[in-house]
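Engineer: Take a look at the following structure, please.
The values are calculated or read from the model by the stated rules, or taken from the named source; none is laboratory data. Note that the structure is a prediction, hence the values are computed from the model and not measured. For neighbour counting, all protein chains shown are included, and Cβ atoms are generated from backbone atoms with ideal geometry for every residue, glycine included. To get the accessible areas, we keep the full protein, side chains included, count just its heavy atoms, and leave off ligands, DNA and RNA. Shrake-Rupley method; radii C 1.70, N 1.55, O 1.52, S 1.80 Å.
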Amino acid sequence: MVKTLNSCQRQPSDVAVGIINRFVKFLTSPIVLSVLCFTVIGDCAIAYTAIPHESIASEKQTKTKLTQSTTTVQPKPLAPPLQGVIYYGNQISLNGRILPGAWLQRRLSAAQLTTQISDAAIRQFFGVDLLNSNSPTKQPIQWYSSATKPPILVSTLAGGYRYLDITNFAKTSEWQMQVQGNTLVISTPNAKITEINQTKESLIERVTVNLDRPTPWQINQEALVKQNQPLSDDPNNPILKPSAPTTRDWTITLNGIADPALIQRYTPPPPPPIEKIPTPAPFPENLLKQILPSNENQQNITPTPPPLIKQVQVVNNQTIIRLEIPIGLAPLVSTAPNRLIIDVRPDTLLPRAITWAPGLNWRQQYVNLGQERFPVVWLEINPRTVGLKIRPIITNSNTLEGTAPLIQTAQQQLAVAAINGGYFNRNNRLPLGAIRRDGQWLSSPILNRGAIAWNDSGQFYLGRLTLLENLITANNQKLPILTLNSGYVQSGIARYTPAWGVNYSPLTDNEIILTIQKDQITNQLPAGKVGQTNFPIPTDGYLLVLRANAVTNASILPIGSSVKIDSSTSPGEFSNYPYILGAGPLLIQNRQIVLNGKGEQFSNAFVAQKAIRSGICRTTTGNLIIAAVHNRAGGAGPTLAEHAQLMQQIGCVDALNLDGGSSTSLYLGGQLLDRFPNTAARVHNGIGIFLQPR
């Protein structure tokens with residue numbers, strides 16, 4: 001879900017000019033949605049089995065609701081760090097619908113006022129296709145236009161977004177634009193949909209929508225449609241049994257009104273009335289056999305597939321085309337002059353190579369493994385770029401408990417890019433792996449699993465990581481501390497610091513809680529049942545939690561005694577890096593695939609599972625890649641072994657698997673590049689890319 005910021009700011013010296021320019025009428029040229037985010041989603045149309053609870057458990061997300069109200073008061077956004085900004089906000093009204101989208105207006109000179117919208121909003125809500133570009137300040141686009149001479153928009157990076165200047169389109173498409181508080185109100189001319197045709201070319205179904213003029217459009221992926229099996233032949237078992245979903249609904253929404261004949265043509269007929277029919281007398285068996293066709297003649301009859309277009313309807317001056325598409329296929333939407341083209345196919349990822357910002361390149365393409373083709377979307381980051389920082393990010397800065405959509409966490413922290421990170425427990429929303437930030441452990445590694453470490457000099461280290469902590473008592477006795485601020489619960493001693501939160505609530509029954517302040521035990525209390533009591537974590541110390549057999553150590557840790565912590569990592573190289581994030585398994589090390597799921601205590605089912613994956617790696621040039629791999633064309637996602645090979649093919653020399661499945665989310669400038677936001681689960685942590693303009 002996208003956090004919407006709803007205020008704007010104007011400089012006093014610009015108030016008069018702002019009033020004069022309050023309502024500006026623009027002609028614009030088209031703008032187009034890169035079907036990437038929405039076409040990679042063809043992957044999401046293929047159901048996959050959930051990976052074990054520690055990594056992948058699908059979680060339904062509430063779709064962002066579009067409200068008609070423009071008066072909702074929400075927190076004021078930060079002013080974009082650009083000169084000349086007189087209005088800005090994170091909300092756009094498009095033909096009366098309120099949508100989340102960053103925008104700003106800048107006065108560059110007395111006679112020049114520019115309007116700029118984030119490339120995420122232009123793609124998602126207007127239907128703009130972002131074309132290949134090798135310049136971070138120029139973005140070619142296509143929107144119902146010729147592919148030979150695409151329009152080029154000037155781009156500007158600010159406050160976690162990449163803004164595209166749409167001012168030069170003001171004199172071509174008769175758009176009206178007006179600032180109302182924090183909202184940029186855009187009205188486009190009325191468009192008419194004159195024809196909708198469905199054809200089949202080779203194995204590809206195509207829907208062509210003819211328009212009298214260009215108009216904004218959006219695509220959405222809906223819930224799976226569950227089919228029912230026929231009535232059972234067994235009279236004792238007549239219950240309808242639901243089968244596995246076979247289709248998925250998609251909607252294409254255009255800002256225009258369809259001809260009434262089209263609406264009637266694609267309006268489903270009402271179901272026939274149910275009539276009471278008297279039960280006839282039974283036929284003699286030999287006569288029945290003569291009337292009914294034999295099973296032999298019916299064996300090769302293929303069921304008629306459902307019609308591709310389920311319905312066309314007009315709602316609030318918008319035409320909604322509902323499609324029912326078989327699992328494994330998805331719509332690839334493109335535009336041509338006054339036409340919208342929808343191709344239903346198994347491979348819908350458009351290849352892209354876009355220099356999005358200095359030191360940050362967006363790439364996507366199909367990568368082949370034998371006869372299989374996998375859609376891979378990735379960002380390649382030069383860590384030596386001036387102003388670029390790479391940081392672990394968590395949902396809540398005040399506690400380690402909590403999950404949220406990655407898109408929300410990234411926007412709140414003003415990251416320009418991000419990818420989901422390590423594993424976590426979906427029930428209690430606690431971390432299950434290493435997180436280290438600014439040289440301090442937020443959460444310890446578990447089970448000798450793979451991790452990546454880095455510093456601000458652009459150096460990386462990948463390996464299997466263990467944190468070795470010991471509690472040293474007053475008489476120099478060493479007691480191993482198994483975990484630090486972790487949701488991974490086991491018998492032994494665990495430690496909880498203020499990074500965990502203000503309080504600790506017992507995770508198992510009958511724990512013993514020791515309070516340590518300034519290296520001295522100041523309290524020792526029994527905890528009782530799970531979750532019944534909160535124990536404050538001292539700001540100048542930590543808590544020790546004794547679980548199961550470790551409670552016997554309470555006798556050698558009396559109140560008033562002094563203790564110390566001895567801490568190191570294995571391998572020792574990890575201790576040299578201020579930032580660490582763990583997940584696993586480790587995929588590649590020194591150009592060699594080193595996958596060992598059993599050695600990192602992943603189950604055999606986890607290793608062999610075919611699922612959507614995310615990963616992070618170092619390249620031969622020392623750059624960082626964060627990548628999402630979705631379902632192969634016409635099939636399921638990669639196994640971990642295939643994932644390792646795919647990471648090799650895009651240039652990785654050291655690579656780590658991150659949490660995957662519904663957690664997989666690749667974020668850039670206000671959008672998910674690899675999937676629809678409503679298909680992505682909430683996650684606990686991630687890796688954020690922060691970039692300040694030069």
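Engineer: Can you name every residue in segment 497-513 that is touching a Phe, Trp or Tyr at 6+ places or on another chain (Cβ under 9 Å) and either open to solvent by 60 Å² or more (accessible area, probe 1.4 Å) or within 8 Å of Leu544 (Cβ to Cβ) (or both)?
Structural biologist: Matches in segment 497-513: Asn503, Ile513.
Engineer: If I ask for residues that are surrounded by fewer than 23 Cβ atoms within 10 Å (Cβ to Cβ) and not in a strand (DSSP E or B), which ones from segment 342-368 would you list?
Structural biologist: Pro346, Asp347, Leu350, Pro351, Pro358, Gly359
Engineer: One residue is enough: does segment 422-437 have a residue meeting the conditions at pLDDT below 95, out of contact with any strand residue (DSSP E or B) (no Cβ under 9 Å at 6 or more places or on another chain) and among the charged types (D, E, K, R)?
Structural biologist: yes
Engineer: Sticking with this one: Need a quick list: strands (runs of 3 or more DSSP E) entirely within segment 443-493 having at least 1 residues that are farther than 16 Å from Val563 by Cα and under 26 Å from the mean Cα position of the chain (by Cα).
Structural biologist: 450-454, 460-464
Engineer: A further question follows. If I go through segment 514-540 residue by residue, how many of them are open to solvent by 10 Å² or more (accessible area, probe 1.4 Å) and touching a residue at least 40 places away in the same chain (Cβ under 8 Å)?
Structural biologist: Looking only at that region, the number is 5.
Engineer: Among the numbered criteria (1) assigned to a loop (DSSP other than H, G, I, E, B); (2) touching a helix residue (DSSP H, G or I) at 6+ places or on another chain (Cβ under 7 Å); (3) open to solvent by less than 20 Å² (accessible area, probe 1.4 Å), which single criterion is violated by Leu546?
Structural biologist: (1) is the only condition that Leu546 fails.
Engineer: I'm trying to understand the selection: among the residues of segment 192-218, which are in a strand (DSSP E or B) and either among the polar types (S, T, N, Q) or more than 12 Å from Leu340 (Cα to Cα) (or both)?
Structural biologist: Within segment 192-218, Lys192, Thr194, Asn197, Gln198, Thr199, Lys200, Glu201, Ile204, Glu205, Thr208, Asn210, Gln218 meet the criteria.
Engineer: If you take the residues in segment 422-453 that are hydrophobic (A, V, I, L, M, F, W, C) and surrounded by 23 or more Cβ atoms within 10 Å (Cβ to Cβ), which one is nearest to Ile493 (Cα to Cα)?
Structural biologist: For segment 422-453, the residue satisfying everything is Ile446.
Engineer: If you check Ala655 against the conditions, is it open to solvent by less than 10 Å² (accessible area, probe 1.4 Å), within 20 Å of Gly433 (Cα to Cα) and outside any strand (DSSP E or B)?
Structural biologist: no
Engineer: Looking at segment 480-496, which of the residues that are touching a helix residue (DSSP H, G or I) at 6+ places or on another chain (Cβ under 6 Å) and either hydrophobic (A, V, I, L, M, F, W, C) or more than 18 Å from Asn398 (Cβ to Cβ) (or both) is surrounded by the most Cβ atoms within 10 Å (Cβ to Cβ)?
Structural biologist: Ile493
Engineer: Answer yes if at least one residue in segment 403-421 is at pLDDT 95 or above, open to solvent by 10 Å² or more (accessible area, probe 1.4 Å) and at positive phi, and no otherwise.
Structural biologist: No.
Engineer: Restricting attention to segment 381-402, which residues are open to solvent by less than 50 Å² (accessible area, probe 1.4 Å) and of a type in the set (A, V, I, L, M, F, W, C)?
Structural biologist: Across segment 381-402, the qualifying residues are Ile381, Leu388, Ile390, Ile393, Ile394, Leu400.
Engineer: Would segment 371-380 turn up any residue that is open to solvent by 50 Å² or more (accessible area, probe 1.4 Å) and not basic (Lys, Arg)?
Structural biologist: yes
Engineer: For segment 180-191, enumerate the residues that are under 32 Å from the mean Cα position of the chain (by Cα), over 15 Å from Trp143 (Cα atoms) and in a loop (DSSP other than H, G, I, E, B).
Structural biologist: Gly181, Asn182
Engineer: Exactly one of these conditions fails for Ala120: (1) small (Gly, Ala, Ser); (2) at pLDDT 95 or above; (3) more than 17 Å from Ile354 (Cα to Cα). Give me its number.
Structural biologist: (3)
Engineer: Also, I was wondering about something else. Given the conditions (1) more than 30 Å from Ser187 (Cβ to Cβ); (2) open to solvent by 50 Å² or more (accessible area, probe 1.4 Å); (3) modelled with pLDDT of 95 or more, and given that Arg339 satisfies all but one, which numbered condition is not satisfied?
Structural biologist: Only one criterion in (1) more than 30 Å from Ser187 (Cβ to Cβ); (2) open to solvent by 50 Å² or more (accessible area, probe 1.4 Å); (3) modelled with pLDDT of 95 or more is unmet by Arg339, namely (1).
Engineer: Against the conditions (1) modelled with pLDDT of 50 or more; (2) within 30 Å of Arg632 (Cα to Cα); (3) of a type outside the set (S, T, N, Q); (4) surrounded by 22 or more Cβ atoms within 10 Å (Cβ to Cβ), where does Leu131 fall short? Just the number, please.
Structural biologist: For Leu131, the exception is condition (4).
Engineer: Looking at segment 564-581, is at least one residue of a type in the set (S, T, N, Q), open to solvent by 60 Å² or more (accessible area, probe 1.4 Å), over 20 Å from Trp500 (Cβ atoms) and over 39 Å from the mean Cα position of the chain (by Cα)?
Structural biologist: No - not one qualifying residue is present in segment 564-581.
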